[in-house]
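The structure under discussion appears below in the form of structure tokens.
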Amino acid sequence: MGTESKDSDKRVALVTGASRGLGRAVAIELATCGIRVVVNYLTNDREAHKVDQEIKSLGGEAMLYKTDVSDATAVRKMTRQIVEQWGKIDILVNNAGIVRDTLLLRMPDEAWDEVINTNLRGAYLCTKYALRSMMEQGWGRIINIASLAGLVGNAGQANYSAAKGGLIAFTKSVAREVGPRNITANAISPGFIVTEMTDKLPQEARDAILARIPLGRFGVADDVAGLTAFLASEQASYITAQVICVDGGVI
């Protein structure tokens, strides 16, 4: 009985798009803080299982959940099953995102719809259904992973920039709605973070990007994960409706 009580006191976090990249780093960081982590993903079973095993090897608790965050029925089912198994959802990190980059005049309608559906509709659905648990307990943290592109735009990324800009506005609106229930909502806006995508950039492009960053380096996933863990903590209880840039001071 004592163990059950202790387990019920642990925070529960749902991290979407957590099989790799920023989502993976966030999931592992939260787990090291003693938080139970639901590792949501859609396609990469192998990488998702690696995250699950890494969390457990560190002494943490993880639950794998494969689902499409843009599917309302699937998201409703996911949040319901998390609450059934772990009792609640305290923290939601909306990280799931895709890119379908091309210039606007060449952009297929499908490329617009896919990015908006995953990056913006997905956050809307996960927030809507996770909020029910947070509202009941009078405590919650919503952390949305936006992007520098959502603040300044980016050529070839009209769809992605629109989705991330929308996510920032969504964050601010949600913060105002749920603040009275002791729930915060904030957005993190990463700049140029080391990923598979940046690794493929030609050296000339990398140099041009680095010239705009006062700190003189790309960020790493842990830079974003550390901030996410802070925003999920009690120490961030008076921070809400904010957009925090993790971009090395990009000009």
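Which residue fluctuates the most in the chain, going by a Gaussian network model with Cα springs under 10 Å, if the choices are R36, R181, R141?
R181
If I stretch the segment between V250 and R181 completely, what's the gain in nm (0.36 nm per residue apart, minus their alpha carbon distance), one decimal?
Residue separation times 0.36 nm, minus the Cα-Cα distance, leaves 21.3 nm.
Looking only at A211, A221, A241, which one moves most when the chain is put into a Gaussian network model with springs between Cα atoms under 10 Å?
Among A211, A221, A241, the largest GNM mean-square fluctuation belongs to A211.
How high is the FRET efficiency between D9 and L105 when r is their beta carbon distance and R₀ equals 45 Å, given to the nearest 0.05?
For R0 = 45 Å, the calculated efficiency reads 0.25.
Please report Y160, Y65 as a ranked list, fewest other C-beta atoms within 10 angstrom at the top and most at the bottom.
The most exposed by this proxy come first: Y65, Y160.
Please identify which residues in the stretch 17-39 have an amide N closer than 15 Å to a label point set 7 Å out from the Cα of K200, following the Cα→Cβ vector.
It comes to 21, nothing else.
How do K164, K88 rank when sorted from fewest to most other Cβ atoms within 10 Å of their own Cβ?
Fewest-to-most Cβ neighbours within 10 Å comes out as K88, K164.
Can you bin the stretch 33-81 into rounded, prolate or oblate? Criterion: square roots of the alpha carbon gyration tensor eigenvalues sorted a ≥ b ≥ c, rounded for a/c under 1.5, prolate for a/b above b/c, oblate for the rest.
Oblate, since a/c reaches 1.5 and b/c is not below a/b.
Please state the shape class of the stretch 1-134: rounded when a/c is under 1.5, otherwise prolate if a/b exceeds b/c and oblate if not, all from the C-alpha gyration tensor.
prolate
With a 10 Å cut-off between alpha carbons and a GNM built on the chain, which of K77, K66, K172 moves the most?
Comparing K77, K66, K172 in the GNM, the peak value goes to K77.
Is there a pair in K50/K164; K10/K164; K10/K172; K56/K128; K77/K128; K56/K200 whose C-alpha atoms are over 24 Å apart, and which pairs would that be?
Flagged as over cut-off: K50/K164; K10/K164; K10/K172; K56/K128; K56/K200.
In angstroms, what radius of gyration and Dmax does the stretch 2-246 have, counting Cα atoms only?
Over the stretch 2-246's Cα set, Rg and Dmax evaluate to 17.5, 62 Å.
Simple spin-label model, 7 Å along Cα-to-Cβ: D207 to A155 in nm?
1.9
In whole Å, what are the Cα extents of the stretch 130-248 along the three principal axes, biggest one first?
Principal-axis extents of the stretch 130-248 (Cα, largest first): 52, 28, 22 Å.
For W86, W112, which order do you get if you count the other beta carbons within 10 Å of each Cβ and list the fewest first?
Final ranking by Cβ density, sparse to dense: W112, W86.
Please give the Cα centre distance for the stretch 28-88 versus the stretch 143-200, rounded to the nearest Å.
The two parts, judged by their Cα centres, are 21 Å apart.
If contacts are Cα pairs under 8 angstrom and at least 6 residues apart, what is the relative contact order of the stretch 2-246 in percent?
Rounded, it is 19 percent for the stretch 2-246.
FYI, it's all coordinate maths here, none of it is from the lab. These figures come from a predicted structure and were not determined experimentally. Cβ sites come from the backbone with ideal geometry, for glycine too, and all protein chains shown count toward neighbours.
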